[in-house]
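Below is a structure I'd like to ask you about.
The values are calculated or read from the model by the stated rules, or taken from the named source; none is laboratory data. What you are looking at is a predicted structure, and each value in this text was computed from that prediction instead of being measured. Every residue, glycine as well, gets a Cβ built from its backbone with ideal geometry; the counts of neighbours run over all protein chains shown. Only protein heavy atoms, including side chains, enter the accessible area calculation; ligands, DNA and RNA are left aside. Shrake-Rupley method; radii C 1.70, N 1.55, O 1.52, S 1.80 Å.
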Amino acid sequence: MESVRLSAWQFHLLTQVYVIGTAFMLLPGPIISNAKQYGWVVVIWATLYGMLLAFGYLYLAKLYPGKSLVEIALQAFGKWAGSFVSLLYIVFFIQIASWVTRNLGDFMHINLMPRTPISLFHIMILLVSAYAVSKGIESIALVNELLVPYLYLAFWVPTVIMLREWNWRYFHVSYPLHLSDAVIQTRYVLAFPFMETVAFLMFIPYVQRKVNIAFITGIAFSGAMLTACVFISIGVLGVYRGQKLVYPIFSIFREMRFTGFIEHLEAILAVNIVLVVCMKLCVLFYCAVLGICQLFKIEKRNAVIYPMVWVISAYSMLFTNIVVNLDWIRNYMFEYYSLFAVAFPALFIVAAKWRNNGRLMKKDSSA
């Protein structure tokens, strides 16, 4: 393990920004499409699910004190099986980092610079993230701590003013809603973004104290933020329009106008999106690099970082466009994430319990 330390407050803020990440710009549209005016309720129960997962991850970290996720896999399953599972997690982190990179590239390409090649956005954001990762998780956490006040003020002040366009009638539309179908169709909200928090097992050992409170409250607060984003999207845009937009929140900012001369506030949101996505990408990038260094006993992190830029950039181009990306999220993400966020952690807990019981039995027999 590296000799770094994170405060509980820094870890809390990292959790917030990581969970909010790309979810606040991508999720409102699909959620409104599947759950209509009750979309905000879906985010609430998804947040509760995310908090339950967090308790499980914290319990797992307690069973393997001072161990990262890669080290937990090695200790739980042994050298060969543990190395294979660790490699799967490294690939998993690279995949999520690639999807985050592509989400930002799609956003920039569709809304801001349609004539600019999307790969150029990928390289730019990945080079910045690579530099941040080379400086370590402490530097990432400090920058995040500095940016959070600006991010929240720049987002919520215009949003609150925009509530003058609020219409409660949008919540009383006669769209048919079948609860069981809505739960099944919105299962992707459980995965994205809440199952992605399994990545925090890579550096929970770095947190000095109060890690439980920091982690749980971070997920709860970010879940409340996402709920508010969906709620506001419905109240301002309506169900019919909100479900047809790829980026509902961005559309709200684009249509904002204060007095006769303050307009085009979507530029502020665009800056927010770039910063938030960059922070999430830095966390995932760091997890992938740290996992490779721990698994293959590599001491110099820079030997892994910059080649990883090209790997993530190439992987991010596998999706043809944003429509294919959203289709994959809706239909396959929950099942795929369940392997890494639920199945393997459960097996790690079982392995720890089995090992502890074996030790107790040996002690009893020797006595």
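Looking only at helices (runs of 4 or more DSSP H) that fall completely inside region 140-247, which ones have 3 or more residues that are out of contact with any Asp or Glu (no Cβ under 9 Å at 6 or more places or on another chain), within 20 Å of N34 (Cβ to Cβ) and open to solvent by less than 50 Å² (accessible area, probe 1.4 Å)?
Values: elements: 179-185, 188-191, 211-237, 239-242.
Where helices (runs of 4 or more DSSP H) fall fully within region 140-247 and carry at least 3 residues being out of contact with any Asp or Glu (no Cβ under 9 Å at 6 or more places or on another chain), within 20 Å of N34 (Cβ to Cβ) and open to solvent by less than 50 Å² (accessible area, probe 1.4 Å), they are 188-191, 211-237.
Listed residues L284, L275, L318; which is in contact (Cβ under 8 Å) with a residue 12 or more places away in the chain, within 17 Å of V91 (Cα to Cα) and open to solvent by 10 Å² or more (accessible area, probe 1.4 Å)?
That would be L318, the only listed residue that is in contact (Cβ under 8 Å) with a residue 12 or more places away in the chain, within 17 Å of V91 (Cα to Cα) and open to solvent by 10 Å² or more (accessible area, probe 1.4 Å).
Further, regarding this structure: For region 277-334, give me each residue that is assigned to a helix (DSSP H, G or I), closer than 24 Å to L127 by Cβ and among the β-branched types (V, I, T).
V277, V283, V289, I292, V304, I305, V309, V311, I312, I322 - these are the residues of region 277-334 that are assigned to a helix (DSSP H, G or I), closer than 24 Å to L127 by Cβ and among the β-branched types (V, I, T).
Another question, if that's okay. If you scan region 1-56, which residues turn out to be over 20 Å from V230 (Cβ atoms) and modelled with pLDDT under 90?
Result: M1, E2, S3, V4, R5.
Return the only residue of I123, I110 being β-branched (V, I, T), modelled with pLDDT under 95, surrounded by fewer than 21 Cβ atoms within 10 Å (Cβ to Cβ) and within 30 Å of Y38 (Cα to Cα).
Details: I123 fails: within 30 Å of Y38 (Cα to Cα).
Among I123, I110, only I110 is β-branched (V, I, T), modelled with pLDDT under 95, surrounded by fewer than 21 Cβ atoms within 10 Å (Cβ to Cβ) and within 30 Å of Y38 (Cα to Cα).
Which pairs have Cβ atoms under 8 Å, sit 6 or more apart or on different chains, and link a residue in region 76-98 that is more than 14 Å from A341 (Cα to Cα) to one that is open to solvent by 50 Å² or more (accessible area, probe 1.4 Å) and of a type in the set (V, I, T)?
Every condition considered, the pairs that remain are I94/V311.
A follow-up question, please. Here is a list: F77, F93. Which entry is hydrophobic (A, V, I, L, M, F, W, C), open to solvent by less than 10 Å² (accessible area, probe 1.4 Å) and within 30 Å of A351 (Cα to Cα)?
On the way: F77 fails: open to solvent by less than 10 Å² (accessible area, probe 1.4 Å).
None of the other options fit; the residue is F93.
Okay, moving on. Need pairs with beta-carbon distance below 9 Å; first residue assigned to a helix (DSSP H, G or I) and within region 127-139, second surrounded by fewer than 15 Cβ atoms within 10 Å (Cβ to Cβ) and among the basic types (K, R); sequence gap 6+ or separate chains.
Pairs that qualify, where the first residue is assigned to a helix (DSSP H, G or I) and the partner is surrounded by fewer than 15 Cβ atoms within 10 Å (Cβ to Cβ) and among the basic types (K, R), are E138/R5.
Now for a different question. Would you pick out the residues in region 192-237 that are out of contact with any Pro (no Cβ under 9 Å at 6 or more places or on another chain) and among the polar types (S, T, N, Q)?
Selection gives T197, Q208, N212, T217, T227.
Same structure again: With the structure loaded, tell me whether N325 is polar (S, T, N, Q), at negative phi and open to solvent by 30 Å² or more (accessible area, probe 1.4 Å) or whether it fails that test. Quick ask: steps written out before the conclusion?
Working: polar (S, T, N, Q): yes; at negative phi: yes; open to solvent by 30 Å² or more (accessible area, probe 1.4 Å): no.
Spelling it out, it is not the case that N325 is polar (S, T, N, Q), at negative phi and open to solvent by 30 Å² or more (accessible area, probe 1.4 Å).
On the given criteria, is I32 over 23 Å from I204 (Cα atoms) and in contact (Cβ under 8 Å) with a residue 12 or more places away in the chain? Give the derivation first.
Numbers: over 23 Å from I204 (Cα atoms): yes; in contact (Cβ under 8 Å) with a residue 12 or more places away in the chain: yes.
Yes.
Name every residue in region 335-345 that is open to solvent by 50 Å² or more (accessible area, probe 1.4 Å) and either closer than 17 Å to Y59 by Cβ or among the hydrophobic types (A, V, I, L, M, F, W, C) (or both), in order of residue number. Show your work before the answer.
From region 335-345, those open to solvent by 50 Å² or more (accessible area, probe 1.4 Å) are 335-336, 339, 342; that's our starting set.
The answer is L339, V342.
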